Amino acid sequence: MNLQDTDFELFAVPATFAQERSMLDARWKELQREAHPDRFASQGAAAQRIAMQWSVRINEAYQRLKDPVQRASYLCELHGAPVDAEVNTAMPGAFLMQQMEWREALDDAASMAAVDALQAEVDAARTRSLSSLDWLIDEKGDFQAAAQQVRALMFIERFAQDIEKKSDQWGQ
């Protein structure tokens, strides 16, 4: 193993958006067994520290690869199109209008049924965004457009959390 390997190289999977979660899970367990600090107890403290570094590196890679948004962001960064969500908030006007409509619908939701309907709409938008990322990254190789789609998906996921909070309020 090489600390400079990409997450995809470390996990011995193709550098694509589409990933099989069960493969990632199995590879993570295998890598953790190989790098577990207890396996290096007889080799001294230095070997255990290195094993711990590897364990942390493996966990970080696993977290990035298993989450579609983080994986897409990582792929964009690897291909010279960082998402930069903290500084790049530019979005198409239609997307911004949709967000405003969703916000208003959430604020105006007067029943659990209204919240559930909005949740279904946002879930469908999330599914479309993930499908779009699959196409933009794996099929088209358009990492600039994928970075913009990742920023949109990040907003959708944050909004879905707001819906969940509202749903929890109705449930109480």
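In table form, for the structure just shown:
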item: Sole exception among (1) among the β-branched types (V, I, T); (2) closer than 25 Å to T127 by Cα; (3) surrounded by fewer than 14 Cβ atoms within 10 Å (Cβ to Cβ) for V69, by number; result: (3)
item: Neighbours by Cβ (under 6 Å, 6+ apart or cross-chain): first from segment 63-81, over 22 Å from Q32 (Cα atoms); second among the aromatic types (F, W, Y) and assigned to a helix (DSSP H, G or I); result: C76/F143; H79/F143; A81/F143
item: So A120, is it more than 30 Å from Y74 (Cβ to Cβ), assigned by TED's automatic domain parsing to the domain that holds S167 and either touching a residue at least 24 places away in the same chain (Cβ under 8 Å) or not polar (S, T, N, Q) (or both); result: no
item: Selected residue (only one of L75, L106 is in the same structural domain as D138 (by TED's automatic domain parsing) and either more than 14 Å from the chain's Cα centre (by Cα) or closer than 28 Å to M154 by Cα (or both)); result: L106
item: Given (1) on the phi > 0 side of the Ramachandran plot; (2) assigned to a helix (DSSP H, G or I), number of the condition G80 does not satisfy; result: (2)
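The values are calculated or read from the model by the stated rules, or taken from the named source; none is laboratory data. Not measured: the values here are computed from a predicted model. Please note: Cβ atoms are built from the backbone with ideal geometry, for glycine as well, and neighbour counts cover all protein chains shown.
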